[in-house]
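J.: Before anything else, here's the structure in question.
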Amino acid sequence: MAFDPSSLRHLFPILSLQANDHPLIYLDNAATTQKPLLVLDAIQHYYRNNNANVHRGAHFLSNRATNHFEQARETIARFINAPEQSHVIWSKGTTEAINIVAFGLEHLLEKGDEILITSLEHHANLVPWQQLAFRTGARLRVLPLTSNGEWEDEFSQYFSHRTRIFAATQVSNAIGVSTPLQMMLNYAKQQGAFTLVDGAQAVAHYSVDVQALDCDFYVFSGHKMYGPTGIGALYGKNHALEVLIPYQTGGEMVRKVSYQATEFNILPYRLEAGTPNIEGAIGLAAACDFLCNQDRSALLKWEQSLASHVYSRLHRETNIEIYSPEKNTTLVSLSVPNIHILDLNAYLDSQGIGVRAGSHCAQPLMAQLGVVGTLRASFACYNTMEEADRFCNVLLEAIDLLLDDE
Amino acid sequence: MTNSNQTLAIKEQLQACRSKEETFKTLVTLSKKLPRLSAEEKIEEYKVKGCESAVWLITEETNNIRHFKADSDAKLMRGVLVAVLSLVEGKTIAEIQAIELTNKLVELNLSSYLTSSRTNGVLAILKKIASN
């Protein structure tokens, strides 16, 4: 039987809001998803029953808080199939996780070394590497991928014995295409490079198995997978995490401190300076539980069917250009020549439909596509076919209203 | 560009809007009143920073009187520019600075253009209009 989103819409109270006198239609899920009651309740339950600082006091509440916090880490480890929970480092999100790695590996880079990324990266998986290259004299190289997720030229020439770091997204946030990840990772590993996978756009939709991917680092954000904002995770293989120089130091990450020297704590604490985002960790674990209690392949199929439905309705329109693939994606990214995406966005907003208009933090990719930005409708498990159709109808209305008669 | 009658007409049209949809349609209509800038005028110097849509604003002053020319690649922004410029065109800098422009835009049902988000540069436009 086909998946029915009404079976879980009631878990998301925000979806019953009215927006600009219309029922809210939330199609900006690639930016952030809404949160199920399970997550909201877990955060409130934590503050009502378990709040104390973790890993410190040996008292009733502190023990409870620490247990819940470390159980959350275990949940995340299971969620991505990490072999050990100590391989999961809490971060503010994907951006911070990438920065932890970029700063942590700096001491291993020399002038002339190469950092390789793809042309489909979010700024979060580009700017930290570019800045690292500036600081170390390394060279940032960009593997050109087409908007179909295929490679343009001879793939292997981008990997060399100087490739020290290879960082790639699993799914493009701007155009929704999946990259040929496993193949790229294989090339990178043959060169002995550190490998990092940006899973920010993948975790809400795909089951992730970091051991099968066999990457050194895997990073993602909680808020794009039904969890809270301000929390995410950095998974790393043990040896990869061990070589990272902590980019933040202070409390919690130390074992022994004198005025002369500091002995750092063991993993994972070594890379987690300061009091962590405890409520965020607990909320994110609840989001993992929410997802794991669903038939995830049915959810993915549903989300993909919404995107391909929109694609099939809109690609026939001569004045719409679609940049996302026809299939195997959960979003539709488009533009309309001679109409500004912000104008389209404003009309959709006036009808209660929330999408994203802009460069999606991927300006080099937009330049490659020859646009300033795109309009992106991105789907989550709670979106309905009626919402997808209403998006198409209202978009076509907007085009009618905005097409130039001047 | 505008006289007081036109200013009043623009005000009445916008104030009559009862929904975001009506404001949208009114701004589309108003946008057609904005004379477009030439390619030579759309240069970096005149670009207003902080707008996600490109906005150019040219200020000319003769005998203390300010005249404005503006353009945007987004249609609604051109409508907003028509409304904004109708409030300030042909006035002295002292007169312009005495106008509480943000309040005026709220009265015109354009408050949603004043939120300080990444996608909004109207505040930057107002600042540039009233700068010494």
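The values are calculated or read from the model by the stated rules, or taken from the named source; none is laboratory data. On a predicted model such as this, the values are computed, not experimentally measured, just so you know. Neighbour counts are summed over all protein chains in view; Cβ atoms, including those assigned to glycine, are modelled from backbone coordinates with ideal geometry. These area figures cover heavy atoms from the full protein model, side chains too; ligands, DNA and RNA do not enter into them. Shrake-Rupley method; radii C 1.70, N 1.55, O 1.52, S 1.80 Å.
J.: Based on what the data block shows, is A:Tyr347 at the interface with chain B (Cβ under 10 Å from one of its Cβ atoms) and among the aromatic types (Phe, Trp, Tyr)?
T.: Yes; evaluated as a whole, the condition is true for this residue.
J.: Further question: Residues that are more than 22 Å from the chain's Cα centre (by Cα): list the helices (runs of 4 or more DSSP H) wholly contained in the range A:180-264 that include at least 1 such residues.
T.: Once the helices (runs of 4 or more DSSP H) in the range A:180-264 are filtered for at least 1 residues that are more than 22 Å from the chain's Cα centre (by Cα), what remains is A:181-190, A:238-243.
J.: Now for a separate question. Taking into account only those residues within the range B:25-69 that are polar (S, T, N, Q) and in contact with a Leu (Cβ under 8 Å, 6 or more places away or on another chain), which is nearest to the other protein chains (Cβ to nearest Cβ)?
T.: B:Ser53
J.: Please find, among A:Ala388, A:Ala346, A:Ala380, A:Ala367, the residue that is among the small types (Gly, Ala, Ser), under 24 Å from the mean Cα position of the chain (by Cα) and surrounded by 24 or more Cβ atoms within 10 Å (Cβ to Cβ).
T.: Just one listed residue meets the conditions, A:Ala380.
So that you can scan it fast, the table gives a plain yes or no per residue for (1) free of Cβ contacts under 8 Å to residues at least 40 places away in the same chain; (2) of a type in the set (Val, Ile, Thr); (3) under 25 Å from A:Ala357 (Cβ atoms); (4) surrounded by fewer than 24 Cβ atoms within 10 Å (Cβ to Cβ):
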{"site": "A:Thr169", "(1), (2), (3), (4)": "no, yes, yes, no"}
{"site": "A:Ser172", "(1), (2), (3), (4)": "no, no, yes, no"}
{"site": "A:Met184", "(1), (2), (3), (4)": "no, no, no, yes"}
{"site": "A:Gln191", "(1), (2), (3), (4)": "yes, no, no, yes"}
{"site": "A:Ser207", "(1), (2), (3), (4)": "no, no, no, yes"}
{"site": "A:Gln211", "(1), (2), (3), (4)": "no, no, no, yes"}
{"site": "A:Asp214", "(1), (2), (3), (4)": "yes, no, no, yes"}
{"site": "A:Tyr218", "(1), (2), (3), (4)": "no, no, no, no"}
{"site": "A:Lys224", "(1), (2), (3), (4)": "no, no, yes, no"}
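J.: Of everything in the range B:9-24, what is more than 18 Å from B:Ala70 (Cβ to Cβ) and either at the interface with chain A (Cβ under 10 Å from one of its Cβ atoms) or not in a loop (DSSP other than H, G, I, E, B) (or both)? Give them in sequence order.
T.: Matches in the range B:9-24: B:Ala9, B:Lys11, B:Glu12, B:Gln13, B:Gln15, B:Arg18, B:Ser19, B:Lys20, B:Glu21, B:Glu22, B:Thr23, B:Phe24.
J.: Checking the structure you have, find out if any residue of the range B:65-88 is in a loop (DSSP other than H, G, I, E, B) and farther than 22 Å from A:Leu403 by Cα.
T.: Within the range B:65-88 (the criterion being in a loop (DSSP other than H, G, I, E, B) and farther than 22 Å from A:Leu403 by Cα), the answer is no, since none of the residues qualifies.
J.: Also, quick follow-up: What residue, among those in the range A:22-51 that are hydroxyl-bearing (Ser, Thr, Tyr) and part of a loop (DSSP other than H, G, I, E, B), is most open to solvent (accessible area, probe 1.4 Å)?
T.: Among those residues, the one meeting the criterion is A:Thr32.
J.: May I pose another question? Identify the residue in the range B:4-31 that is open to solvent by 50 Å² or more (accessible area, probe 1.4 Å) and in contact (Cβ under 8 Å) with a residue 24 or more places away in the chain and, among all such residues, is nearest to B:Arg78 (Cα to Cα).
T.: B:Thr29
J.: Also, quick follow-up: State which residue is nearest to the other protein chains (Cβ to nearest Cβ) when the search covers only the range B:70-100 and only residues that are among the charged types (D, E, K, R) and without any contact (Cβ under 8 Å) to a residue 40 or more places away in the chain.
T.: B:Asp73
J.: Filter the range B:84-98 down to the residues that are touching a strand residue (DSSP E or B) at 6+ places or on another chain (Cβ under 9 Å) and closer than 11 Å to B:Asn132 by Cα and list them by number.
T.: Residues satisfying the conditions are B:Thr92, B:Ile93, B:Ile96.
J.: Can you tell me which residues in the range A:144-161 are assigned to a helix (DSSP H, G or I) and surrounded by 12 or more Cβ atoms within 10 Å (Cβ to Cβ)?
T.: Those that are assigned to a helix (DSSP H, G or I) and surrounded by 12 or more Cβ atoms within 10 Å (Cβ to Cβ): A:Phe155, A:Tyr158.
J.: For A:Ser359, are the conditions met, namely being touching a Gly at 6+ places or on another chain (Cβ under 7 Å) and more than 14 Å from chain B (Cβ to nearest Cβ)?
T.: So A:Ser359 fails the test.
J.: Cβ-Cβ below 8 Å, separation at least six or inter-chain, first residue in the range A:6-21 and more than 14 Å from every other protein chain (Cβ to nearest Cβ), second polar (S, T, N, Q) and in a loop (DSSP other than H, G, I, E, B): which pairs?
T.: Close Cβ pairs (under 8 Å, with a partner that is polar (S, T, N, Q) and in a loop (DSSP other than H, G, I, E, B)) amount to A:Ser6/A:Thr384; A:Leu8/A:Gln294; A:Arg9/A:Thr384; A:Phe12/A:Gln34; A:Ile14/A:Gln34; A:Leu15/A:Gln34.
J.: If you don't mind, there's one more thing I want to ask. Quickly run through the range A:234-251 and pick out the residues that are more than 19 Å from A:Thr75 (Cα to Cα) and of a type in the set (Gly, Ala, Ser).
T.: A:Ala240, A:Gly250, A:Gly251
J.: Right, another one. Every residue in the range A:349-364 that is open to solvent by 20 Å² or more (accessible area, probe 1.4 Å) and touching a helix residue (DSSP H, G or I) at 6+ places or on another chain (Cβ under 6 Å), please.
T.: Answer for the range A:349-364, where residues must be open to solvent by 20 Å² or more (accessible area, probe 1.4 Å) and touching a helix residue (DSSP H, G or I) at 6+ places or on another chain (Cβ under 6 Å): A:Ser359, A:Cys361.
J.: Now, a different point. Scan the range A:321-343 residue by residue and report those that are open to solvent by less than 10 Å² (accessible area, probe 1.4 Å) and more than 14 Å from chain B (Cβ to nearest Cβ).
T.: A:Ser324, A:Thr329, A:Leu331, A:Val332, A:Ser333, A:Leu334
J.: Let me ask something else. Taking the range A:362-372 as the region of interest, how many residues are free of Cβ contacts under 8 Å to residues at least 60 places away in the same chain and either of a type in the set (Asp, Glu) or within 14 Å of another protein chain (Cβ to nearest Cβ) (or both)?
T.: Final tally of qualifying residues: 2.
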